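The values are calculated or read from the model by the stated rules, or taken from the named source; none is laboratory data. What you see is a predicted model, and the numbers here were worked out from it, not measured in a lab. As a convention, Cβ positions derive from the backbone with ideal geometry for all residues, glycine included, and neighbour counts pool all protein chains shown.
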Amino acid sequence: MKTILSLLLLLLTSCSPSYRLNRILALHPELKTPDTLFIKDSVIIPQLRVDTMFDYKTIPDTVIIQKDRLQIKLRKIHDTLFLTGKCKGDTVYITRKIPVEKIKIVKPDILDNFISKLPWIVIGLICLVLLFVFIRLVPKR
């Protein structure tokens, strides 16, 4: 029962991948490279129209006032003055720079692969030697 509890405790206290990655990056800061993301975003400003009318006898026929995207038109028809305002739609482009850190992936060379497998090779050789010694020591019938 104690062995099952100890194995369960060992499995529950093992490291998560994010914790291991943070620990590796803390020990080897050269693996992090600063990078910048560029995000292009657009904001569409819709066209705006406003109409109004009032009685005004001194304005002759039609008057148009225009500046950049704004246009105002005054029209006199009989005893009524029509006022029309129009602002053309527009699109505003916004580029944001977001600094992030990118992880540089380094592929191990042949020597690093051999060194990482060395403990398993040593364990395998020790098992073979113990097996050979055990076979020699057991008497034949």
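Does segment 112-119 contain at least one residue that is touching a helix residue (DSSP H, G or I) at 6+ places or on another chain (Cβ under 9 Å) and at pLDDT 80 or above? Before you say what the answer is, go through the steps one by one.
Looking only at segment 112-119, we keep the residues that are touching a helix residue (DSSP H, G or I) at 6+ places or on another chain (Cβ under 9 Å), and these are 114.
With at pLDDT 80 or above added as a condition, the list becomes 114.
Within segment 112-119 (the criterion being touching a helix residue (DSSP H, G or I) at 6+ places or on another chain (Cβ under 9 Å) and at pLDDT 80 or above), the answer is yes, since at least one residue qualifies.
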Legend entry - Where a residue in segment 19-37 is touching a residue at least 40 places away in the same chain (Cβ under 8 Å) and its partner, wherever it lies, is part of a loop (DSSP other than H, G, I, E, B) and of a type outside the set (S, T, N, Q), with Cβ under 6 Å and at least six apart: Leu31/Lys104; Thr33/Lys104
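Could you tell me which of the residues Lys57, Lys32, Lys76, Lys97 is among the charged types (D, E, K, R) and modelled with pLDDT under 75?
When all the criteria are applied, what remains is Lys57.
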